[in-house]
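What follows is one structure encoded as structure tokens, with my remarks underneath.
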Amino acid sequence: MKINLKGKEGFTTVDLSIAMIVIIIFVVIMTSISSSVYSSSMEAKRTAVALNYAVDIFEHIGEVNINEVRASSDLLEISSLQNFVCENTSTVNGIDIITGKIGTYQIRVEIEDYRNDGVVKIITLKITYPVSKKKTETLELQRVKAQEKTA
């Protein structure tokens, strides 16, 4: 009795090897894409948190009397910034500087008297935060605070 092996169908080693290679390539590509999406979403989240801090600080400064806008740790005592730790307050070349941090977010507020008359102040806010282990971002915003006229 003669056995016909050509008529039998099945997977050969070559077929299985090609299938494994295709599956491995697919898994590597999907892992790379999901890692990229995750890191992008974390970067966007950290930037959104920094923007929220900036909005809270600028809203608070907008409510404060212009005479109270100076290098003082009291200026950034805001309920929405409960974890703010003031590290230093100083005046350098006529610019009041407040530095501090909230977690990994480094905050620096510079208050400059526009014409040295106390009527207009330029507030520069810099928030530096880590995006990844090797990369940091700095968000820099400015606002003008003017003395309101009394009638």
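The values are calculated or read from the model by the stated rules, or taken from the named source; none is laboratory data. Keep in mind it's a predicted model, so treat the numbers as computed, not measured. Heads up, the Cβs are rebuilt from the backbone with ideal geometry, glycines too, and the neighbour counts pull from every protein chain shown.
The set of residues in segment 118-151 being among the acidic types (D, E) and over 16 Å from I102 (Cβ atoms) consists of E140, E148. Take the conditions outside any loop (DSSP other than H, G, I, E, B) and over 18 Å from the mean Cα position of the chain (by Cα) and apply them to D117. Does it pass? So D117 fails the test. Residues in segment 104-129 that are surrounded by fewer than 17 Cβ atoms within 10 Å (Cβ to Cβ) and touching a Phe, Trp or Tyr at 6+ places or on another chain (Cβ under 9 Å): T104, V120, I122, T128. When restricted to residues that are farther than 17 Å from Q106 by Cβ and either touching a residue at least 40 places away in the same chain (Cβ under 8 Å) or hydroxyl-bearing (S, T, Y) (or both), segment 48-57 contains 0. When you scan segment 130-144, do you find a residue that is farther than 27 Å from A48 by Cβ, in a strand (DSSP E or B) and out of contact with any Ser or Thr (no Cβ under 8 Å at 6 or more places or on another chain), even just one? No, the conditions are met nowhere in segment 130-144. Between R115, R70, the distinction of being closer than 22 Å to L139 by Cα and charged (D, E, K, R) belongs to R70 only.
Which numbered condition trips up A48, out of (1) within 23 Å of V144 (Cα to Cα); (2) exposed (fewer than 15 other Cβ atoms within 10 Å of the Cβ); (3) over 17 Å from the mean Cα position of the chain (by Cα)? Here A48 clears every test but (3). Please indicate, with yes or no, whether at least one residue in segment 70-89 is in a strand (DSSP E or B), at pLDDT 85 or above, surrounded by fewer than 14 Cβ atoms within 10 Å (Cβ to Cβ) and not charged (D, E, K, R). The answer is yes, given that some residue of segment 70-89 is in a strand (DSSP E or B), at pLDDT 85 or above, surrounded by fewer than 14 Cβ atoms within 10 Å (Cβ to Cβ) and not charged (D, E, K, R). Would you say I23 is loosely packed, with under 11 Cβ neighbours inside 10 Å, outside any loop (DSSP other than H, G, I, E, B) and at pLDDT 85 or above? Against the criterion (loosely packed, with under 11 Cβ neighbours inside 10 Å, outside any loop (DSSP other than H, G, I, E, B) and at pLDDT 85 or above), I23 qualifies.
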